[in-house]
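Novice: Input: one structure, supplied below.
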Amino acid sequence: MNHQLITFDSTVLLQANEVDVSALSLKEQLEEIFKLAADTLAKEGLTLDDVILVVVEVSDMKDRPIVNEAQKAVWKPENYPARIILERGGYKAGAGVRIIFTATKEPHVCINTFKGQIPTGPFSRSAVVGNRVYGCGVRGLKPETQKIISDDVKEQARQCLRNLDTNMRSSGSSIQKAYSFSVYLTDLANVDLVLEVFTEFGFDPDEIEITFEKVRALNEYHPVEIACNALL
C-alpha cells in the first residue's frame, strides 16, 4: 500500500517545462522549482502542504542555509516535510540543486519533538500517513550535547539508529517496526561496518531492505546518515 504517494523530481520538471535556470541565483532556482512543484501537485488536487518528504541534493553543502530559507518561505513549521539533504552534483537544466518530492493524497501528520536529535533545519522528524511512518535522515549526534558522538563510523551508525528509534517512537512506532532503511555514506568502504551495526540491533540484511548510497558530502561533513520508514 503506497497511500497514493506521488513522487517527482525537480530535474525532470525543469526539463519537461523547458526551463533553464542556469542564469539564476540558487534562491531563484529554488523559487522556480517550488513553483513548478506546486503546479504539478495542483493537477492532482494537492498543494505543497501535501508533501511529506523531500530529498534535497545540493552541489555544495555550503548552500544548505539558502535551501533552509527557501523551505521556510514555502512551509509553515507545522507542515514541514521530513527531509534528507546531501551533496551530489551534476544536475541538468543548469540547476545547482535537485529536489525529489514525495506527496500523499491521504491525510497525514508531520511529527516533531524536542526529544533526541533536534532538527537543524526546517523539516519534521517524520510524517505519519495511515499506518506508516516516513522518517527524515539522522546523524550520529548525542541528544545530550547535539554533538557528533565520535569520529568512529560504527559508533556514529549506532547513534543514528538510536536517534531513529527516538523519532519512530515519537511517531507512535519504533525502529524495530522499520521495513526499509536508506544509508548515505561518503565512503562505500564503510558499508560492511554499518551492516555490522544493523546486525547488533537485530536486523538481518537478508530480511529487511537496506539501501546504501554514495554521496559527496553530508551535513557538517559527517560520514554517515540514515533514514528509515516504519509501520505503526
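Derivation of every value follows stated rules applied to the coordinates shown; laboratory data play no part. Here the structure is a predicted model, which means the values were calculated and not measured. Neighbour counts run over all protein chains shown; Cβ positions are idealised from the backbone, glycine included.
Novice: Based on the Cβ-Cβ distance from Asp9 to Lys76, what FRET efficiency comes out when R0 is 25 Å, to the nearest 0.05?
Specialist: 0.50
Novice: For an R0 of 25 angstrom, estimate the FRET efficiency from the Cβ-Cβ distance between Thr120 and Ala16 and round to the nearest 0.05.
Specialist: Efficiency at R0 = 25 Å is approximately 0.15.
Novice: To continue, here is another question. Per DSSP H run of n ≥ 4, the term is -39500 (n - 2.57); total these for the chain, divide by its residue number, and report the mean residue ellipticity at 222 nm rounded to 500 deg cm²/dmol.
Specialist: About -8500 deg cm²/dmol.
Novice: For the chain, what size does the Cα cloud have along each of its three principal axes, sorted from largest down, in whole Å?
Specialist: Each principal axis gives a Cα extent; for the chain these are 49, 35, 34 Å.
Novice: Order of 132-141, 154-163, 39-48, 4-13 by packing, highest average Cβ count within 10 Å first?
Specialist: Listed from highest to lowest mean packing, they are 132-141, 154-163, 4-13, 39-48.
Novice: Considering only DSSP beta bridges where both residues belong to the chain, give the percentage that are antiparallel (nearest 5).
Specialist: In the chain, approximately 75 percent of DSSP beta bridges are antiparallel ones.
Novice: Same structure again: For the pair Asp39 and Glu209, how long in nm is the line joining their label points, each one 7 Å along Cα→Cβ?
Specialist: For the pair Asp39/Glu209, the computed spacing is 3.1 nm.
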